[in-house]
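Novice: One structure follows; several queries about it will come next.
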Amino acid sequence: MARVYLSIGSNVQREQHVTVALDALAAAFSPLSISSVYDSEAVGFNGRSFLNLVVGLDTDWSVAALSDWLKALENRHGRRRDVPRFSPRTLDVDILAVDDQVGTPAGVELPRGEILTNAFVLRPLAEIAPQQRHPVDGRNYGELWQAYDRPQQLEPIVFHWQGRQISPRS
């Protein structure tokens with residue numbers, strides 16, 4: 001079994017799409033480690049803010065199978081692939097890391113570069129996996145978050161899922 005970390009984001013019907021992503025992931029990969037949910041400014045374009053979070057799970061699926069499943073999940077919930085990369089999203093689920101793998105299996109960059117550049121990825125990842133080491137940088141995610149110094153607006157919000165408050169994490 002591999003430990004996988006996924007980033008979830010939405011800025012179109014945000015609560016609805018985050019909820020369906022969590023529901024689908026829980027049905028396929030329970031139990032999940034779930035970070036707080038953050039309201040994050042759009043990065044790379046002017047648009048409505050995103051809800052972002054990170055989920056950790058264990059799976060024996062290949063990176064290719066997981067990537068295909070996640071793309072199908074996004075597509076079922078209105079993800080458009082005929083628009084610019086930096087544009088509004090109903091649902092965006094990215095593989096951030098798979099254990100300590102480095103490379104591009106099935107075209108998936110591991111670890112994902114956004115871990116080191118975007119607060120909306122690093123902060124929730126550091127929240128649920130503070131001692132996990134970045135397989136290239138060598139520092140753990142908690143240390144990387146403490147050293148993060150880029151200006152990005154990011155605030156934890158109250159979020160309920162399956163009848164309980166999951167965010168902010170207590």
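The values are calculated or read from the model by the stated rules, or taken from the named source; none is laboratory data. What you see is a predicted model, and the numbers here were worked out from it, not measured in a lab. Here the Cβ positions follow ideal geometry from the backbone for every residue, glycine too, while neighbour counts run over all protein chains shown.
Novice: Could you tell me how many of the residues in region 99-122 are more than 17 Å from residue 151 (Cα to Cα) and either touching a Ser or Thr at 6+ places or on another chain (Cβ under 6 Å) or in a helix (DSSP H, G or I) (or both)?
Specialist: Qualifying residue count for the region: 4.
Novice: Which count do you get for residues in region 123-147 that are of a type outside the set (D, E, K, R) and in a loop (DSSP other than H, G, I, E, B)?
Specialist: 8
Novice: Looking only at residues that are touching a strand residue (DSSP E or B) at 6+ places or on another chain (Cβ under 6 Å), in a loop (DSSP other than H, G, I, E, B) and at pLDDT 95 or above in region 1-39, which one is farthest from residue 91 (Cα to Cα)?
Specialist: 1
Novice: Moving on to the next point. I'd like the residue in region 93-137 that is closer than 20 Å to residue 67 by Cβ and of a type in the set (Asp, Glu) and, out of all such residues, is surrounded by the fewest Cβ atoms within 10 Å (Cβ to Cβ).
Specialist: 99
Novice: Could you count how many residues in region 40-70 are modelled with pLDDT of 95 or more and of a type outside the set (A, V, I, L, M, F, W, C)?
Specialist: Qualifying residue count, region 40-70: 8.
Novice: Every residue in region 146-170 that is hydroxyl-bearing (Ser, Thr, Tyr) and in contact (Cβ under 8 Å) with a residue 60 or more places away in the chain, please.
Specialist: Within region 146-170, 167 is the sole residue that qualifies.
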